[in-house]
1. For Glu121, enumerate residues with amide H under 5 Å from its amide H, sequence gap 5+ or separate chain, H modeled in the peptide plane.
2. Could you give the length gained by full extension between Ala212 and Ala335, i.e. 0.36 nm per residue of separation minus their alpha carbon distance, to one decimal place?
3. On the first, second and third principal axes, largest extent first, how far apart are the outermost C-alpha atoms of segment 254-325 in Å?
4. Per residue of segment 242-248, in order, report the coupling 6.51 cos²θ - 1.76 cosθ + 1.60 (Karplus, θ = phi - 60°) as ³J(HN,Hα) in whole Hz, putting x for Gly and Pro.
5. Which net charge results when you count Lys and Arg as +1 and Asp and Glu as -1 among the other residues whose beta-carbon is under 9 Å from that of Val87?
6. Calculate what fraction, in whole %, of the accessible area of segment 225-336 sits on carbon and sulfur atoms when a 1.4 Å probe is rolled over the protein chains.
7. So what's Rg/Rh here for segment 158-274, counting alpha carbon atoms and using the Kirkwood radius for Rh?
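The values are calculated or read from the model by the stated rules, or taken from the named source; none is laboratory data. All figures in this text were calculated on a predicted structure; none of them were measured in a lab. Here Cβ is always computed from backbone atoms with ideal geometry, including for glycine, and neighbour counts include all displayed protein chains. Keep in mind that these areas ignore ligands, DNA and RNA; they rest on the heavy atoms of the full protein, side chains included. Shrake-Rupley method; radii C 1.70, N 1.55, O 1.52, S 1.80 Å.
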Amino acid sequence: MSRITKLLAALLAFTMLAAACGDDDTAASGDLPTVVVTTNILGDVVTELTGGAIEVVTIMPVGADPHDFQASAQQADAMRTADALIVNGSDFEEGLLDVIEGAESDGVLLYEAISAVSTIEVGEGGHDDHDDHEGEEGHDDHEGEEGHDDHEGHDHSGDDPHFFTDPARMAAAVDGIAAFLIANVEGIDADAVTEAAEAYHEELEALDAEVATLIDGIPAENRVLITNHEVFGYFADRYGFEVAGAIIPSGSTLDGTSAGDLAELAELITDEGVPAIFSDVSASDQLAQTLADEVGSSVAVVELFTESLGDSDSEGATYVDMVRTNATRIAEALAS
């Protein structure tokens, strides 16, 4: 049995034993309107754009995997009793779908952040045209592979939910969230939200320009990403990268991989001379390290903040920090 096959078996056994658990500290305490947000990425963004005009309750703690996170009873109650519920959308929060549907059925106002952006399909982030992205918020002319649909009945094709890897799309989401809150949440300070949202939108526009500058030194032939799973499609679409492959060839961490998939990916990395594999800070990098070992010592494994913020003292403590750090690490790994 190869090292890759043994590792896959060990990881499968560990996954079957592990269970995501909620943070029971979730609670609203003030007199302001309460808005519950599912992911910690969006929790940070909504907090920034509302300027203290609402109370923001974030469901997922740092390090949570949004695809399999399960809410506690207290968190489910917070979602069902909120003045509004903001989610990523496109079935990103796979473990929370029943609770989200239940909250909406109970009359909670629901907003999907992805509804404000131009979407791509899973697997469409890789392309060869690296010169036509400045000033554009989305592209609809991609031909790519659809995601896998073989995980317990879940269909992981369709719209890629990871729009937040592109700060320009996040800026569009900020506008959509602000408009939704002002129009629908009773008692909200509309002027405060408008002012804060405009300031945060400008910050994200500046971040977008900063990322473009950071990756400007990467030669076109080096703008190739090998990732843990298909999470950087929007980043690739925005800044002219090709997502050449993923360890888990799907937009969801709930799907699996095989020894054959990894062997093909190792061959691709060797043939293309890819210098780095990008793993997730909040997930195990064992498969990435094993893949790098199979290819050779010249391949680095570089951790990125993908679907969760980092700890408060990390380089990914906020959404802006997360995007900047990812761009910096990608640039450093691929520039030569």
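1. So Glu121 has HN proximity to Asp160.
2. 42.9 nm
3. Projected onto the principal axes, the Cα atoms of segment 254-325 cover 37, 27, 15 Å.
4. Values, residue by residue: 10, 8, 7, x, 9, 4, 9 Hz.
5. Details: positive: none; negative: Glu93, Glu112.
Taking every Cβ under 9 Å from that of Val87, the sum is -2.
6. Answer for segment 225-336 is 43 percent, counting heavy atoms of protein chains only.
7. Values: Rg = 18.7 Å, Rh = 16.7 Å.
Rg divided by Rh gives 1.12.
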